[in-house]
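What follows is a short report on a single structure.
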Amino acid sequence: MGRYTLARPRHRRNPCQVSANLLAAKQGPINTKSFGERIITAAWHSRPSWYLRTSEDHMIDPEAQAATARRMNATLTSVPSSQVAMLARPQDVVAVIVKAVAAPRPAVAQR
């Protein structure tokens, strides 16, 4: 069985310590075993994808985020935020989700 870790948000601009602590408590532990599991085909190979790039992220380089979005052929949106954009820029996060939900979906073969 994999080991569990609890990631605590670390960001330069703490929008609200109470919210950050709540996020750390509610996000739940990460099963590190999942990092070693193999994915045969990622969904972004055949499905539309969206990527929210956080330009002030100190955990994942913003250029690496942009490269990942390009590789995925994702619709890229950049926001001036740390990796916890859902706390620092919730309206921007909601806007990306709303655009993704409203986008046309590809036909899926019925089984």
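The values are calculated or read from the model by the stated rules, or taken from the named source; none is laboratory data. These numbers were taken from a predicted model, which means no experiment stands behind them. So basically every Cβ, Gly included, is an ideal-geometry build from the backbone, and we count neighbours across all protein chains shown. Quick note on the areas: whole protein, heavy atoms, side chains included, nothing else; ligands and nucleic acids left out. Shrake-Rupley method; radii C 1.70, N 1.55, O 1.52, S 1.80 Å.
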*Roughly to the nearest percent, how much of the accessible area of the range 17-96 is carbon and sulfur, given a 1.4 Å probe?*
56 percent
_Average accessible surface area per residue within the range 26-111, 1.4 Å rolling probe, Å²_ = 74 Å²
*So for T41, T68, T77, what's the accessible-area order with a 1.4 Å probe, most first?*
T41, T68, T77
*asked:* Starting from the 7 Å offset along Cα-to-Cβ, what nm value, one decimal, do you get for the label separation of A103 and S78?
replied: 1.9 nm
